[in-house]
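The values are calculated or read from the model by the stated rules, or taken from the named source; none is laboratory data. Keep in mind the model is a prediction, meaning the values are calculated, not measured. Cβ atoms come from the backbone with ideal geometry, glycine included; neighbour counts cover every protein chain shown. Ligands, DNA and RNA are excluded from the accessible area calculation, which covers all protein heavy atoms including side chains. Shrake-Rupley method; radii C 1.70, N 1.55, O 1.52, S 1.80 Å.
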Amino acid sequence: MRIDIITLHPKLLKSPFEHSILHRAINKKIVEIKIHDIRSYSKDKHKKVDDYQFGGGAGMVMCIQPIADCIDKLKSERNYDAIIYLTPDGKQLKQSVANHYSTFKNIILLCGHYKGIDQRIRDNYITDELSIGDYVLTGGELAAAVVCDSIIRLIPGVISDETSALTDSFQDNLLAPPVYTRPATYKNWKVPEILLSGNFKKIEEWRNKEAIKRTKKRRPDLLDE
Ligand code: ADE
């Protein structure tokens, strides 16, 4: 999979891909991440990328030209399955959405800033709009990193034990059950006996029951979906 990220702040997007599982996925060439600096596409002599909004009002709007030129260039080089704009008024990222994108070959993520981007970019280039939650970030970069992480870890070969991505919270609209590791007793706090029993059928039943119990208590809305 190839992910092109278009941003005004390339450095903000460096670190998330330099560690742990995402870094390994890139090294194994399962995923390729390319970061594009919008400013380098500006034809303005001062490399300006934003301007006042027509009609007046506070806040700058990102200009159409540098973003359009960047997307046009990328589209001339390959076909994209989705061109996604990160914005708080987009569709909310859920596990099912991440599952869907993880099957794609090429995607573009466009990070917004200020008051947003010229609507004509949204109307003419963007295929999907995504929000990572009902709060406003200073820009789309951290949201893009979250989207990438949620997608990349699902690609076969990225997580060594492939079944582990399937047993995540939300995969079947259930939160994950509690987990424990050694020691079996710490300060008199004991691990549930069943987990030490070696009876895998019973353990599976227990985990399922705990997952339902936890979901009912913390996120009953998931059970209605
Ligand atoms: N940009 C600013 N806030 C955002 C959010 N919540 N999700 C995605 N992109 C954003």
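General remarks:
- Residue within the range 82-91 that is in a strand (DSSP E or B), open to solvent by 90 Å² or more (accessible area, probe 1.4 Å), within 16 Å of the ligand (Cβ to nearest atom) and not hydroxyl-bearing (Ser, Thr, Tyr) present: yes
- Of all residues making up the range 49-79, the number that are in contact (Cβ under 8 Å) with a residue 40 or more places away in the chain, surrounded by 19 or more Cβ atoms within 10 Å (Cβ to Cβ) and part of a helix (DSSP H, G or I): 3
- If you go through the range 1-27 and keep only what is under 16 Å from Ser40 (Cβ atoms) and touching a residue at least 60 places away in the same chain (Cβ under 8 Å), you end up with Asp4, Ile5, Ile6, Thr7, Leu8, His9, Leu12, Leu13.
- Complete set of residues in the range 195-207 that are over 28 Å from the mean Cα position of the chain (by Cα) and either of a type in the set (D, E, K, R) or surrounded by 13 or more Cβ atoms within 10 Å (Cβ to Cβ) (or both): Leu195, Lys201, Lys202, Ile203, Glu204, Glu205, Trp206
- Some residue of the range 97-118 being open to solvent by less than 80 Å² (accessible area, probe 1.4 Å) and of a type in the set (Ser, Thr, Tyr): yes
Residue by residue, here is whether (1) of a type in the set (Ser, Thr, Tyr); (2) assigned to a loop (DSSP other than H, G, I, E, B); (3) within 16 Å of the ligand (Cβ to nearest atom) holds:
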{"site": "Ile121", "(1), (2), (3)": "no, no, yes"}
{"site": "Leu130", "(1), (2), (3)": "no, no, yes"}
{"site": "Gly133", "(1), (2), (3)": "no, yes, yes"}
{"site": "Leu142", "(1), (2), (3)": "no, no, yes"}
{"site": "Leu154", "(1), (2), (3)": "no, yes, no"}
{"site": "Ser160", "(1), (2), (3)": "yes, yes, no"}
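- For Leu137, the criteria (1) away from the ligand (no atom under 15 Å from the Cβ); (2) of a type in the set (A, V, I, L, M, F, W, C); (3) open to solvent by 10 Å² or more (accessible area, probe 1.4 Å) hold in every case but one, which is (1).
- Residue within the range 208-225 that is touching a Ser or Thr at 6+ places or on another chain (Cβ under 6 Å), open to solvent by less than 70 Å² (accessible area, probe 1.4 Å), over 22 Å from Tyr80 (Cβ atoms) and without any contact (Cβ under 8 Å) to a residue 60 or more places away in the chain present: yes
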